[in-house]
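S.K.: A single structure is presented below for examination.
The values are calculated or read from the model by the stated rules, or taken from the named source; none is laboratory data. Note that the coordinates shown come from a computational prediction; the quantities given were computed from them, not determined experimentally. Every residue, glycine among them, receives a Cβ derived from its backbone with ideal geometry; neighbour counts consider all protein chains shown.
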């Protein structure tokens, strides 16, 4: 089984987001081994200071074997099938582990984005960071089901 890492700022506080993440992480773990790592939210301060502090904490957890995929609103927008194809390629690289990095309430610092191999967007709409984490886990699970030919994704099916 291949391995996927997620590296996120903050602990999940919202009950439904925490439960949703646990649900999709558990389902995903049947197809890929998953390791979730969290770093603490920075203490109250200016937005810039918080982003920089959180960025330093994130970078301290990025290892040399990580293929760093930063989740950022300015990133590339891929279809689910394109994401599944890229995920398949990433997990097949023997010396690399895809590491999905998700920032806190104010996003990722420039320093974190600079180490990214890929910067990816979950879409053009703004999402709270806890909901973004839930969407990321759902999309990872959806991509995994595509890659493993499991029923879940219904691309191209329309009711008429």
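S.K.: Return the total of residues in segment 1-39 being under 30 Å from residue 50 (Cα atoms) and assigned to a loop (DSSP other than H, G, I, E, B).
M.R.: 5
S.K.: Looking at 55, 160 in this structure, which one is modelled with pLDDT under 95, over 13 Å from the mean Cα position of the chain (by Cα) and not in a strand (DSSP E or B)? Spell out the reasoning first.
M.R.: Numbers: 55 fails: modelled with pLDDT under 95.
160 is the lone residue from the list that is modelled with pLDDT under 95, over 13 Å from the mean Cα position of the chain (by Cα) and not in a strand (DSSP E or B).
S.K.: Being modelled with pLDDT under 95 and surrounded by 14 or more Cβ atoms within 10 Å (Cβ to Cβ) narrows it down to one residue among 38, 73; which is it?
M.R.: 73
S.K.: Scan 140, 113, 136, 87 and give me the residue that is in contact with a strand residue (DSSP E or B) (Cβ under 9 Å, 6 or more places away or on another chain), at pLDDT 95 or above, over 23 Å from residue 30 (Cβ atoms) and assigned to a helix (DSSP H, G or I).
M.R.: 113
S.K.: Against the definition (farther than 22 Å from residue 96 by Cβ, exposed (fewer than 13 other Cβ atoms within 10 Å of the Cβ) and touching a strand residue (DSSP E or B) at 6+ places or on another chain (Cβ under 7 Å)), how does residue 11 come out, yes or no?
M.R.: yes
S.K.: Also: Is segment 107-115 home to any residue that is surrounded by 20 or more Cβ atoms within 10 Å (Cβ to Cβ), under 14 Å from the mean Cα position of the chain (by Cα) and closer than 13 Å to residue 6 by Cα?
M.R.: For segment 107-115, residues surrounded by 20 or more Cβ atoms within 10 Å (Cβ to Cβ), under 14 Å from the mean Cα position of the chain (by Cα) and closer than 13 Å to residue 6 by Cα: absent.
S.K.: One residue is enough: does segment 72-84 have a residue meeting the conditions more than 19 Å from residue 122 (Cβ to Cβ) and assigned to a helix (DSSP H, G or I)?
M.R.: From segment 72-84, those more than 19 Å from residue 122 (Cβ to Cβ) are none; that's our starting set.
No - not one qualifying residue is present in segment 72-84.
S.K.: Kindly indicate whether any position in segment 34-41 is within 20 Å of residue 148 (Cα to Cα) and out of contact with any helix residue (DSSP H, G or I) (no Cβ under 9 Å at 6 or more places or on another chain).
M.R.: Here is the first cut: in segment 34-41, the ones within 20 Å of residue 148 (Cα to Cα) are 34-35.
Okay, now just the ones that are also out of contact with any helix residue (DSSP H, G or I) (no Cβ under 9 Å at 6 or more places or on another chain), so 35.
Checking segment 34-41: at least one residue is within 20 Å of residue 148 (Cα to Cα) and out of contact with any helix residue (DSSP H, G or I) (no Cβ under 9 Å at 6 or more places or on another chain).
S.K.: Find the residue count for segment 116-131, including only residues that are under 16 Å from residue 6 (Cβ atoms) and in contact (Cβ under 8 Å) with a residue 12 or more places away in the chain.
M.R.: 9
S.K.: Moving on to the next point. Based on this model, can you work out whether residue 28 counts as farther than 18 Å from residue 114 by Cβ, modelled with pLDDT of 95 or more and crowded, with 17+ Cβ neighbours inside 10 Å? Spell out how you get there, then give the answer.
M.R.: On the way: farther than 18 Å from residue 114 by Cβ: yes; modelled with pLDDT of 95 or more: yes; crowded, with 17+ Cβ neighbours inside 10 Å: yes.
Here the answer is yes, as residue 28 does meet what is asked.
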